[in-house]
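Here's the structure, in structure tokens; my notes come after.
The values are calculated or read from the model by the stated rules, or taken from the named source; none is laboratory data. Computed from a prediction, not measured in an experiment: that's the story for all the values here. For neighbour counting, all protein chains shown are included, and Cβ atoms are generated from backbone atoms with ideal geometry for every residue, glycine included. SASA here: full protein model, heavy atoms, side chains in, ligands and nucleic acids out. Shrake-Rupley method; radii C 1.70, N 1.55, O 1.52, S 1.80 Å.
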Amino acid sequence: MMKTILRFILAIATLLTVSGTTTLSFADDSSPIVRITGGSTGLFIPTPHSLTTSGYSDFAVNVKLFHDGTASGEFTCAIPDFVVLGVQVTNWSRHPDGSIELTGNEYGYDAVAGTGYTDCPATVVMRSGPVGIGGFDFSDCVFPEGKYDTEIVRYGSIDFRRH
């Protein structure tokens, strides 16, 4: 009886070891490690570094982050009667505070100038959380050095999900 139990335990242990090794050998760096999703309305926060200090924007984010620092997806934002923009996200990095910096190329339509544009480098630093906690910083090729807008989630949320 004891030999049967030991054989059974050994068989289970071997099976788990082999299946674990097989799973690891098929793991691949092309699968996302984090997905950032969310959106709704962001409220501009007046700060010394901001160009826009009042009002709101409607925003959305759906981005996959990969092991090698690349990313895919898009961040979109619209400030009513001013600008509608999208950022095709290509890269990412994590800040010590847990926020995630996304970089990519921006395209959009400037309602004030009455013209569309493309190929504007942009940076969005995302902070995960619900209303009053989640938010983002945004800067692009129009912002002077050291300037960026900060928004906090007014409605909706920003979620970081591990895969």
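Ordering H67, H95 from largest to smallest accessible area (1.4 angstrom probe), what's the sequence? Before the final figure, lay out each step's value.
Numbers: H67 100, H95 60 Å².
Greatest to least solvent exposure: H67, H95.
Residue separation times 0.36 nm, minus the C-alpha to C-alpha distance between C141 and T47: what's the value?
Separation in residues times 0.36 nm, less the Cα-Cα distance, equals 31.9 nm.
Placing dummy labels 7 Å off each Cα toward the beta-carbon, the span from T115 to E74 is 2.3 nm. Annotation: amide H-H contacts under 5 Å for L51 (H modelled 1.01 Å from N, sequence separation of 5 or more, or interchain): Y148, D149. Here S31 and I133 are evaluated by their C-beta separation; at R0 = 35 Å the FRET efficiency comes out at 0.80. Relative contact order of the range 55-163, taken over Cα pairs closer than 8 Å and 6 or more residues apart, is 16 percent. Once the cut-off is 23 Å, how many percent of the Cα-Cα pairs in the range 73-163 end up in the long-distance tail? Counting every Cα pair in the range 73-163, those more than 23 Å apart make up 23 percent. Of the GluC sites (Glu not before Pro) found in the range 89-163, those in coil by DSSP whose Cβ has at most 12 other Cβ atoms within 10 Å are E145. With both labels modelled 7 Å from their Cα along Cα-to-Cβ, the T90 to S40 distance reads 3.3 nm.
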